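Report on one structure; see the data block that follows.
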Amino acid sequence: MSADEMKKAAAAAALEEVRPGMRLGLGTGSTATWFVRLLAERVAAGLDVVGVPTSKATEVLARELGIRLITLDDVAGLDLTVDGADEFDPNLDLIKGGGAALLREKIVAADSRRMIVITDESKRVETLGAFPLPIEVVTFGATATIRAIADAARSVGLSGALGFRRSAEGDKLVTDQGNWLVDASFRQISDPKALASALSRIPGVVEHGLFIGLASSVIVAGRTGIQRIDRSPT
Ligand code: 5RP
């Protein structure tokens, strides 16, 4: 299987969890795009569901493909969110935001009863952090916020390069919410919870890409097939 076929296979496995009448969170990225495409085929065949997109890109795609869209303000919570990830660890903690949509993705996941993460094998890690951690920051005072991020990281024993995400044209990338992204190369985040709470205390940080305790299951597609890992009950 190619990487793209693995992403499609993971998306197809998640689709089996979708039931008529569900309110769905629709993720962002190449794997989540497969889920939206496969879901749209089912919708065209008569499946009645509604979706909340986690980015403008997913919104455009879902609308084009005929999936009925709502907002989080229209309903009291979602049944299921299906989204990709940049990394997942054995606790099912994640790094997300490679597709610049982490803020909406986290709001949608947090308002969902379940979050299924769909990935290929390349996203599995023992320790989060090889993928640079995306941190969404307010544009006002962004340089001061970067200094505060470095201090917060140091307080939990981490250091590494911090740089603004750039667009193809070389400008600072502006997120769907009008903020900038800082990518933090911490390499090995041994205590993601401690880092998450240190980052959350910085006024200029809107959100960060550590998704802790949000994923209910991860569906991983590998060359030998599909594996589903469920969060153990607490
Ligand atoms: C977007 C994300 C994506 O889910 C993540 O980047 C994975 O993307 P892909 O499925 O293309 O590898 O967090 O903000």
For this session: For the range 126-214, just the Cα atoms, rotate onto the principal axes and tell me the three extents in Å, largest first.
Result: 34, 26, 25
Exercise. For ASP111 and ALA12 in the same chain, what is the full-extension length gain: residue separation times 0.36 nm, less their Cα-Cα distance, in nm?
Worked result: 33.3 nm
Exercise. For the range 7-20, what does the Karplus curve 6.51 cos²θ - 1.76 cosθ + 1.60, with θ = phi - 60°, yield as ³J(HN,Hα) per residue in whole Hz, taken in order and with x for Gly and Pro?
Worked result: 4, 5, 5, 5, 5, 5, 5, 5, 4, 5, 7, 7, 10, x
For this session: Work out how far the C-alpha atoms of the chain reach from end to end along every principal axis, then list the three figures in whole Å, largest first.
Result: 52, 37, 36
Exercise. Relative to the Cα centre, what is the charge dipole magnitude of the chain, using +1 at the beta carbon of each Lys and Arg, -1 at the beta carbon of each Asp and Glu, and rounding to the nearest 20 debye?
Worked result: 180
For this session: Please compute the Cα-Cα pair-distance distribution of the range 1-130 with 10 Å bins starting at 0, giving whole percents from short to long.
Result: 14, 47, 32, 7, 0
Exercise. Which residue, chosen from GLN177, GLY204, PRO192, occupies the Cα position most advanced towards the positive end of the dipole of the range 133-206, where the dipole is computed from +1 (Lys, Arg) and -1 (Asp, Glu) charges on Cβ about the Cα centre?
Worked result: PRO192
Problem set entry | Alpha-carbon centroid distance for the pair the range 42-56 / the range 101-138, whole angstrom | 21
Exercise. So which of LYS123/LYS193; LYS106/LYS193; LYS8/LYS123; LYS56/LYS96; LYS7/LYS193 end up more than 21 Å apart by C-alpha?
Worked result: LYS7/LYS193
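The numbers here are math on the coordinates, done by the rules we state, and not lab data. These numbers come from a predicted model, not from an experiment. Every residue, glycine as well, gets a Cβ built from its backbone with ideal geometry; the counts of neighbours run over all protein chains shown.
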